[in-house]
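Data block below; observations after.
Coordinate-derived values only; no laboratory data. Computed from a prediction, not measured in an experiment: that's the story for all the values here. Neighbour counts run over all protein chains shown; Cβ positions are idealised from the backbone, glycine included.
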Amino acid sequence: MRKARPKPRYDRACHDGARGGRGHHRPSAATPAPVATDAAPVADAPVEIVIPVPEGYTLTEVGTMTADQLKGVDIYDPSDAKIAEIADVVIGSDNAVTGIVTDVGGFLGLGEHRVSLSPDQVTVYKNADNDLRAYVSMTKDELKALPAYEMPNP
């Protein structure tokens, strides 16, 4: 005589994935998501922007120039478009440049937006005629989006 096989027990919790089971058509919370093999670049990853040295110019350290030399220098973006002008220089207690105040936008002094940049955000080049050009790795719109510069109270 043949032994009767025990009837399989149906465990709904296991079957639908609540206990880590796979279920029929529902993925389990314990089942890991598929991993992409060709990962796309992360949108927030920093992008290194290379600013080419303008022809006939050499790199000059901001700290080697006076505030008067820097005031009025045009600021260019990486595509060599003029986007701003150095309006003022902030000097720290150790007589080092701690900020570069720029005027962005506007026309003939009207509607300008003043922002402060740190010296490491600005690269300055000088040619044989002592003409200065400053470069930033931002666009005009990115500069305009920075918070407005507020002159500190003495």
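Let me make sure I get this right: for the range 57-144, a, b and c are the square roots of the gyration tensor eigenvalues over alpha carbons, sorted descending. Under 1.5 in a/c it's rounded, otherwise prolate if a/b > b/c, else oblate. Which is it?
Values: a/c = 1.64, a/b = 1.21, b/c = 1.35.
It is oblate, given that a/c is not under 1.5 and a/b is not larger than b/c.
A simple spin-label model places pseudo-atoms 7 Å from Cα toward Cβ; at residue 118 and residue 79 they are separated by 2.7 nm.
Each other residue within a Cβ distance under 10 Å of residue 124 adds +1 if Lys or Arg and -1 if Asp or Glu, for a net charge of +1.
What length, rounded to one decimal in nm, is gained on full extension from residue 57 through to residue 142, with 0.36 nm per residue of separation minus their alpha-carbon distance?
Details: separation 85, 0.36 × 85 = 30.60 nm, distance 2.56 nm.
Stretched out fully, the residue 57 to residue 142 stretch lengthens by 28.0 nm.
So if each residue of separation counts as 0.36 nm, and I subtract the Cα-Cα distance between residue 68 and residue 96, what length gain in nm does that give? Don't skip to the end; give the middle numbers.
Numbers: separation 28, 0.36 × 28 = 10.08 nm, distance 1.38 nm.
Full-extension gain reported as 8.7 nm.
If we count every other residue with Cβ under 9 angstrom of residue 149's Cβ, Lys/Arg +1 and Asp/Glu -1, where does the sum land?
Working: positive: 114; negative: 88, 150.
Here the count lands on -1.
Please list 3J(HN,Hα) in residue order for the range 63-70, calculated via the Karplus relation 6.51 cos²θ - 1.76 cosθ + 1.60 where θ = phi - 60°; whole Hz, with x for glycine and proline. For the range 63-70, the Karplus-derived couplings read x, 8, 10, 7, 4, 5, 5, 7 Hz, x marking Gly and Pro.
For the range 89-99, putting each phi into the Karplus relation 6.51 cos²θ - 1.76 cosθ + 1.60 with θ = phi - 60° gives couplings of 10, 9, 10, x, 5, 8, 6, 9, 5, 10, x Hz, in residue order, rounded to whole numbers and with x for Gly and Pro.
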